[in-house]
Amino acid sequence: GAVVSQHPSRVICKSGTSVKIECRSLDFQATTMFWYRQFPKKSLMLMATSNEGSKATYEQGVEKDKFLINHASLTLSTLTVTSAHPEDSSFYICSVRTRADTQYFGPGTRLTVL
Amino acid sequence: SQQGEEDPQALSIQEGENATMNCSYKTSINNLQWYRQNSGRGLVHLILIRSNEREKHSGRLRVTLDTSKKSSSLLITASRAADTASYFCATSNNDMRFGAGTRLTVKP
């Protein structure tokens, strides 16, 4: 399967600042990556589909100007949470879909906004 | 939006017992996958079953799929304390949608 890393694993920031989360596909060239968020004891909610070289596709209710996604290469997608607020505190997880149609997930990034 | 719904939401069993978790979904799918997640960690892929398959095995895991009922089940046999985790089903077409998950606790 694909190996996916995320950085940072944890981040604490002040309200109003921006935070960038990186998702790397270490052994697979991913034209498509996915970003999810997960609240405590809840399921994963798809935020957006990140497409290499083009704009991301956002799910209904997800503000594209707040959650900026850049998929500049086949191995890297970034999610930037702009002007973060405490309600943005969550667990953010990215995934890569392989040709076998299996998704492999990164270890997640826990964001805490004070 | 979520696609699958797992049931039960929480399950507590003794080590050695079998654990069965069910998942129902709403739309047509290409495949259905099961994942486990330990608290605060990423997801680990367990098994993928395609829409034209009815049953699949992997070690102590057995997955069934009934596309007419839009449901799937995950059976973990001879459970171990290390199986304690949350289990999610996810349906896949162009993207992947997750159910609410079942929190399994296996008591030693």
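The values are calculated or read from the model by the stated rules, or taken from the named source; none is laboratory data. Computed from a predicted structure; not experimentally measured. Counting neighbours? That spans all protein chains shown, and the Cβs are built from the backbone with ideal geometry, glycine included.
Residues in the stretch A:80-97 that are under 13 Å from A:VAL11 (Cα atoms) and either outside any loop (DSSP other than H, G, I, E, B) or in contact (Cβ under 8 Å) with a residue 40 or more places away in the chain (or both): A:THR80, A:VAL81, A:ALA84, A:PRO86, A:ASP88, A:SER90, A:PHE91, A:TYR92. Under the condition of being charged (D, E, K, R) and surrounded by fewer than 20 Cβ atoms within 10 Å (Cβ to Cβ), which residue from the stretch B:1-20 is nearest to the other protein chains (Cβ to nearest Cβ)? Checking each candidate, the answer is B:GLU5. With respect to being under 12 Å from the mean Cα position of the chain (by Cα), among the hydrophobic types (A, V, I, L, M, F, W, C) and more than 9 Å from chain B (Cβ to nearest Cβ), A:VAL62 falls outside the description. For A:VAL62, are the conditions met, namely being closer than 27 Å to B:TRP34 by Cβ, of a type in the set (Val, Ile, Thr) and not in a loop (DSSP other than H, G, I, E, B)? Spelling it out, it is not the case that A:VAL62 is closer than 27 Å to B:TRP34 by Cβ, of a type in the set (Val, Ile, Thr) and not in a loop (DSSP other than H, G, I, E, B). Based on what the data block shows, is A:ALA48 modelled with pLDDT of 95 or more, crowded, with 17+ Cβ neighbours inside 10 Å and either of a type in the set (Gly, Ala, Ser) or part of a loop (DSSP other than H, G, I, E, B) (or both)? It is false that A:ALA48 is modelled with pLDDT of 95 or more, crowded, with 17+ Cβ neighbours inside 10 Å and either of a type in the set (Gly, Ala, Ser) or part of a loop (DSSP other than H, G, I, E, B) (or both). Quick check: anything in the stretch A:41-50 within 13 Å of chain B (Cβ to nearest Cβ), among the basic types (Lys, Arg) and closer than 24 Å to B:LEU48 by Cβ? Scanning the stretch A:41-50, I find at least one residue that is within 13 Å of chain B (Cβ to nearest Cβ), among the basic types (Lys, Arg) and closer than 24 Å to B:LEU48 by Cβ, so the answer is yes.
Of the residues making up the stretch B:21-75, those that are of a type in the set (Gly, Ala, Ser) and buried (at least 16 other Cβ atoms within 10 Å of the Cβ) are B:SER24, B:GLY42, B:SER71, B:SER72, B:SER73. Determine if the stretch B:23-37 includes at least one residue that is modelled with pLDDT under 95 and on the phi > 0 side of the Ramachandran plot. No.
Of the residues in the stretch A:30-45, at least one is under 20 Å from A:ALA100 (Cα atoms), hydroxyl-bearing (Ser, Thr, Tyr) and in contact with a Leu (Cβ under 7 Å, 6 or more places away or on another chain). Taking the stretch B:69-108 as the range and being modelled with pLDDT of 90 or more and of a type in the set (Val, Ile, Thr) as the test, the residues that pass are B:ILE76, B:THR77, B:THR84, B:THR102, B:THR105, B:VAL106. Restricting the first member to the stretch A:98-114 and to residues that are within 7 Å of chain B (Cβ to nearest Cβ), and the second to residues that are in a loop (DSSP other than H, G, I, E, B) and of a type in the set (Lys, Arg), the beta-carbon pairs closer than 7 Å and six or more apart or on different chains are A:PRO107/B:ARG41; A:GLY108/B:ARG41. The residue of the stretch A:11-31 that is nearest to B:PHE98 (Cα to Cα), among those that are at pLDDT below 95 and surrounded by fewer than 18 Cβ atoms within 10 Å (Cβ to Cβ), is A:THR31.
The criterion of at least 1 residues that are touching a residue at least 24 places away in the same chain (Cβ under 8 Å) is met, among strands (runs of 3 or more DSSP E) falling completely within the stretch B:35-108, by B:43-50, B:61-66, B:71-76, B:85-92, B:96-98, B:102-107.
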